[in-house]
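The values are calculated or read from the model by the stated rules, or taken from the named source; none is laboratory data. This one's a predicted model, so the numbers in the text were calculated from it and none came from an experiment. In this analysis, Cβ positions are derived from the backbone assuming ideal geometry, glycine residues included, and neighbour counts consider all displayed protein chains. Surface accessibility is based on the protein's heavy atoms, side chains included, excluding ligands, DNA and RNA. Shrake-Rupley method; radii C 1.70, N 1.55, O 1.52, S 1.80 Å.
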Amino acid sequence: MLQKCCVPEIFTQGIIVPILKKPSLNANLPTSYRPITLSSVHTKIVEMIMLPRYEVSDNQFGFRSKRGTTFGCTLLNDVISYFKFKHSPLYICSLDAEKCFDSIWHPALFYKLRGKIPHIHWMFLVKWYKCLKATVKWRNHYSSYFNVTRGTRQGSVLSPHLFNIFINDLLISLDNVKNGVSIGCDHYNTFAYADDISVFSATAPGLQLLIQTCQDYAQQWNFKFGITKSKCMIVHENMLSEKPKLYLGQDVIENVKSIEILGLNLIMKVKVEDMLKLEYRNVRNHSTHYVMLDSVTQVQIQR
């Protein structure tokens with residue numbers, strides 16, 4: 001099948017089931033749902049055979065053996081602790097690659113995959129993706145089938161690995177930017193978990209350059225970072241100086257006192273009542289981890 005690039009009809013079909021992301025969201029809005037695609041178990045067997053062996057940036061913590069969200073959050077926490085000990089400001093930005101898995105441009109994806117996976121697998125995937133179609137299941141009703149022309153396959157064993165290859169050049173570009181933080185002989189300025197990218201720098205202009213690098217890459221490869229969910233935070237800021245404005249394209253990124261990165265809420269210098277409001281807002285959705293940044297000794301609260 002792989003040798004002849006023969007894609008069975010059942011491989012091309014998917015059933016999309018919308019799942020409400022959080023109980024607190026408005027169930028009448030389409031954006032409140034996450035599309036989960038059901039596909040044949042035979043596709044997963046073939047994908048297991050096709051799993052690529054590849055090397056990506058050390059700053060990628062998503063879908064890699066012996067790595068995970070804990071490693072990325074620990075890295076950022078250690079950098080924050082170092083800067084607080086030095087009484088120096090640290091500028092952090094969490095960027096939201098807007099529905100990148102679902103909207104990735106197929107020509108860009110396969111351009112990035114060339115030479116990174118066996119040619120036979122590449123040809124098979126190209127033919128497979130050209131034939132993709134899906135139907136939406138809502139309760140017991142099904143929509144008509146429609147062609148899927150963007151995004152990696154939902155529920156696919158391969159998709160996270162293909163995306164890691166696609167986004168890897170951005171992480172390499174960020175690593176080559178000299179701005180960031182230096183601790184001893186080591187240089188840091190970013191970490192990622194798949195499409196969740198966080199950048200940080202010891203200076204505001206340095207952080208702006210990192211953000212612009214991400215923005216340029218997104219424009220080049222036809223995806224976007226959303227301004228609504230992208231946030232900036234300054235740790236140990238100078239209260240006598242004006243807060244810098246950081247831009248994503250033409251839009252000003254919101255500067256916040258609480259920022260969520262990979263499920264970890266970083267909160268600094270907030271009143272008790274503000275924290276209680278934040279917890280009340282999140283308590284119905286999921287367990288939350290907090291790291292308080294308003295003292296030298298950090299306190300972690302796990303619900």
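Here are the numbers:
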{"quantity": "Residue match in segment 162-171 (condition: among the β-branched types (V, I, T), closer than 28 Å to G206 by Cα and part of a helix (DSSP H, G or I))", "calculated": "yes"}
{"quantity": "Those residues of segment 66-78 which are at pLDDT 85 or above and part of a loop (DSSP other than H, G, I, E, B), in sequence order", "calculated": "R67, G68"}
{"quantity": "Selected residue [at pLDDT below 90 and surrounded by fewer than 14 Cβ atoms within 10 Å (Cβ to Cβ)] from K271, K245", "calculated": "K271"}
{"quantity": "Some residue of segment 135-153 being in contact (Cβ under 8 Å) with a residue 40 or more places away in the chain, in contact with a Cys (Cβ under 8 Å, 6 or more places away or on another chain) and closer than 30 Å to A27 by Cβ", "calculated": "no"}
{"quantity": "Complete set of residues in segment 131-148 that are farther than 21 Å from H121 by Cβ and assigned to a loop (DSSP other than H, G, I, E, B)", "calculated": "R139, N140, S143, S144, Y145"}
{"quantity": "Scan of segment 1-22 for residues that are open to solvent by 80 Å² or more (accessible area, probe 1.4 Å) and at pLDDT below 90, ordered by number", "calculated": "M1, Q3, K4"}
{"quantity": "Scope segment 55-86; condition touching a residue at least 12 places away in the same chain (Cβ under 8 Å) and over 26 Å from D169 (Cβ atoms); matching residues", "calculated": "N77, I80, S81, Y82, F83, K84, F85"}
{"quantity": "Filter result for K116 (open to solvent by 70 Å² or more (accessible area, probe 1.4 Å), assigned to a loop (DSSP other than H, G, I, E, B) and either over 30 Å from I16 (Cα atoms) or of a type in the set (V, I, T) (or both))", "calculated": "no"}
{"quantity": "Test: residue in segment 225-232 that is among the aromatic types (F, W, Y), buried (at least 20 other Cβ atoms within 10 Å of the Cβ) and either over 21 Å from V79 (Cα atoms) or modelled with pLDDT under 95 (or both)", "calculated": "yes"}
{"quantity": "Total residues in segment 248-262, condition modelled with pLDDT of 85 or more and at positive phi", "calculated": "1"}
{"quantity": "Lone unmet requirement of (1) in a helix (DSSP H, G or I); (2) open to solvent by 60 Å² or more (accessible area, probe 1.4 Å); (3) out of contact with any Pro (no Cβ under 9 Å at 6 or more places or on another chain) for P205", "calculated": "(3)"}
{"quantity": "Filtered residue count, segment 24-58, keeping only those that are part of a loop (DSSP other than H, G, I, E, B), farther than 27 Å from A192 by Cα and open to solvent by 30 Å² or more (accessible area, probe 1.4 Å)", "calculated": "6"}
